[in-house]
Amino acid sequence: MKGSLLGVLLFLASFLTVYAQDFEFAQLNPEELDLKKYAADTTANAVVLREFGTARISNGFRTPLIFDYHVRIKIFNSKGFDQGDVIIPVYKTDNDQFESVSKIKAVTISQDQNGNVVRTPLDDRKVFKENKNKHWDHVKFAMPNMRDGCIIEYSYQLESPYVFNFRNWVFQWDIPKMYSEYIARIPAVYNYNVALKGSQPLTTNKAELEKECFTPGGGVKADCSKLFYVMENIPALVEEDYMTASSNFRSAITFELSDYVDYTGVKRKVTQEWKDIDLELKREALFGSQIKKTDLFKERLEPVLRGTTDELSKAKAVYGYIQKWFKWNNSRHFYSEDGIKKALEKHSGNVADINLSLLAALGAAGVDADAVLLSTRENGIINKLYPVLSDFNYVVAKVNIGDKSYLLDATDPLLPFGLLPIRCINDQGRVVSLSKPSYWTDLKASQKESKVYSLNLILAETGKIKGTITGYSMGYEAYNKRSAIKKFTSLEEYVENLDEKMPRIKILGFDLKNVDSLDHSLVETYEVEIDAYDNLDKEQFSFNPYFMDPIQENPFKLNSRSYPVDWGAPSDTRVSVVLNYPDTFELASKPGNVGLALPDGGGRYMASMEQANNQLTLSQMTQLNKSIYLAHEYPALKELFNRIVQTQKAEVIFRKK
């Protein structure tokens, strides 16, 4: 996200006059109809030819917000047909307050087999409304008669009573756009903070002053700012693995009401400062008041704290107690649903019920702790230019002991002390204290995703490989493994499932250690038999020593990437394979050693093989030392994974002596 504040000043000292208007509906353009591909992105399945929208606050006592939208899209092939499934989200609060859609027009323009132009309009009876949840409906329709090479075009008007939520405009989609224009007419009585998100620049950013354009009634008149925003040749935002919410990077214009002047001439502030938010949260019955309920835990914690000698041991004991007491209902919010007392009685609750209970319990134990509001990775990065509580959707605890601090989330009984789930590793969170001003804190992984595999194998003349595979998992890797194990009712069932996933590998025995000891490495040991070959009655055979946890496909395929690669946590993977083979064979060839590194210590990959006395030893290490790789680091990261994939396809050749 580009955090630059455009700072709309509604009283303009100077201005430019701009003349812009909507384009004609369903106007035939032979060049557009004959277009076979988009030159700027020949891989595109569709392209927006032109897009136009306006938003204004209408005159009269009701003064609703009116949004008009019009778009024309070229469909190159059937993979672009999904652009014809149109969904218009409309918001509602109750039967008297809701958004509505009207004036829907839609047409598909195509050519028949004889080259004649065919216009197929949308049947009004094919437009329907779907109730999604308490606050959202979807107005939906499907474009008719879609075929390769057609053009679809539709327009509609949306009326909203929520004038404080001025209409945002998204320039960047998952298909490219040739031209996108948005005009916002804002009365001078409203002052909005306007922000440009994403990496794409505006082609046009201009304004003109309209005198006395707004007459809400009662003889009141106000000037308006008419704001023009245009982007041209906008590339598609193609989503790829290891990214946070696409809304963080999608180019868009957003509006946040800062203040307004009411009909009596009094200026009303809407956008708050953090000191206002702090006070609001401290007084909030479902937030600050819940943290203060330490009396609920004093008796409960007496046996829990027995034998603890310092603050850290107390904090760990309280954390473990809360983890075991509650079952998370998978609901996310920073406000308690019905208060932590009810949640305690039910042994269940949302994120806030559990983690506000944790904060109250820590307070009862005399441990210094504060709440941390955050937005999860899929919810998007917080705009820090001005506080908006609705941007947050999660709360965790921050324990302060000496000069160290620990971030805790008690919603998952498998998370060790001090390890946040990856969903919470998202830029920064806001620390909210009951006694101090709030402040930002980094949300960083406290541990790596680390795993070590050690394989000691013997290849027999029968072609079978027998031996031991030992795996050591630490940090996020241990958490992921424990989560996978706990999905099954027993260790035996987990191993049986593992055995079924590997048809050529038979697990003869196993031993799993520290499954429930969260502060220790998870250790897995398996006695295995591998059906590698029918037999070794041949002159030579090949063996791929990279069969343990290989990277079979490069996850990075884009020519360029405009947003970061975000793993959430650094990682470290090490594999050691020792293969003892029959003395009737000798090593004919083996791949050379490989050493690769990313710039600036960003990571490395190393693989080496040694052979001595009918024993082949492979040592392999993959290190990614950063949680986040920026867009300019993408080519090097992509090439590293290309080389790893190529290296791990290499085989060793054995031949008879």
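The values are calculated or read from the model by the stated rules, or taken from the named source; none is laboratory data. Only a predicted model underlies this, so the values are computations on that prediction, with no experimental measurement involved. Glycine gets a Cβ as well: all are built from the backbone with ideal geometry, and neighbour counts include every protein chain shown. Side chains are part of the model used for accessible areas, which takes the heavy atoms of the whole protein and leaves out ligands, DNA and RNA. Shrake-Rupley method; radii C 1.70, N 1.55, O 1.52, S 1.80 Å.
In 5 Å bins starting at 0, how do the alpha-carbon pair distances of the range 387-508 split up by percent?
Histogram of Cα-Cα distances, whole percents per bin: 2, 8, 14, 16, 14, 11, 9, 8, 6, 5, 3, 2, 1, 1, 0.
Mind giving me the FRET efficiency for Phe488 and Leu35? R0 is 56 Å, r the Cβ-Cβ distance, nearest 0.05 is fine. Write out the running numbers ahead of the final one.
Working: r = 54 Å, r/R0 = 0.97.
Calculated value: 0.55.
Could you check the simple spin-label distance between Glu239 and Asn642, using points 7 Å along Cα→Cβ, in nm with one decimal?
Reported label-point gap for Glu239 and Asn642 is 2.7 nm.
Charges at C-beta only: +1 for Lys and Arg, -1 for Asp and Glu. How large is the resulting dipole of the chain about its Cα centre, in Debye rounded to 20?
860 debye
Evaluated at 25 °C with a viscosity of 0.890 mPa s, what Stokes-Einstein diffusion coefficient in µm²/s does the range 251-353 have when Rh comes from the Kirkwood expression over alpha-carbon pairs?
144 µm²/s
Which three numbers, in whole Å and largest first, are the semi-axes of the equivalent ellipsoid of the chain derived from its Cα gyration tensor as √(5λ)?
53, 39, 22
So, in nm, how far is label Thr468 from label Glu539 when the simple model puts each one 7 Å beyond its Cα toward the Cβ?
With each label point 7 Å from Cα toward Cβ, the separation is 3.9 nm.
As an exercise, find the ratio Rg/Rh for the range 319-436 from alpha-carbon atoms, using the Kirkwood inverse-distance average for Rh.
0.94
Using the basic label-point model (7 angstrom from Cα toward the beta carbon), what is the Ser100 to Thr525 distance in nanometres?
My value for the distance between the label points is 7.4 nm.
Tell me, what is the FRET efficiency for Ala597 and Asp442 to the nearest 0.05, using R0 = 22 angstrom and their Cβ-Cβ distance as r?
Plugging the Cβ-Cβ distance into 1/(1 + (r/R0)^6) gives 0.25.
Which cross-chain or sequence-distant (5 or more) residues have an amide H under 5 Å from the amide H of Ser348, H modelled 1.01 Å from N in plane?
Lys327
Picking from Ser375, Tyr394, Ala315, whose Cα lies most toward the positive end of the charge dipole for the range 296-422 (charges on Cβ: Lys, Arg +1; Asp, Glu -1)?
Ala315
Give, as a single signed number, the net charge of other residues whose beta carbon lies under 13 Å from the beta carbon of Glu633, with Lys and Arg counted +1 and Asp and Glu -1.
Residues close to Glu633 contribute a combined charge of 0.
Hey, any idea what % of the chain's accessible area is carbon plus sulfur with a 1.4 Å probe?
Here carbon and sulfur together make up 48 percent of the probe-accessible area.
Per residue of the chain, what 222 nm ellipticity follows from adding -39500 (n - 2.57) for every DSSP H run with n ≥ 4, rounded to the nearest 500?
Calculated mean residue ellipticity at 222 nm is -4000 deg cm²/dmol.
Using a probe radius of 1.4 Å on heavy atoms only, what accessible surface per residue do you get for the chain? Whole Å² is fine. The partial results should precede the final answer.
Details: 31910 Å² over 657 residues.
Per residue, the chain has 49 Å² of solvent-accessible surface.
By the gyration tensor of its Cα atoms, with a ≥ b ≥ c the square roots of the eigenvalues, what is the shape of the range 613-655: rounded for a/c under 1.5, prolate for a/b over b/c, or oblate?
Verdict is oblate for the range 613-655.
Which order do the peptides 280-291, 347-358, 27-38 take when ranked by the mean count of other beta-carbon atoms within 10 Å per residue, highest first? All intermediate terms of the calculation are to be shown ahead of the outcome.
On the way: 280-291: 17.7, 347-358: 24.9, 27-38: 12.5.
Averaged packing, sorted descending, gives the order 347-358, 280-291, 27-38.
In what sequence, highest mean first, do 402-412, 561-571 appear when ranked by Cβ atoms within 10 angstrom?
The peptides rank, most packed first, as 561-571, 402-412.
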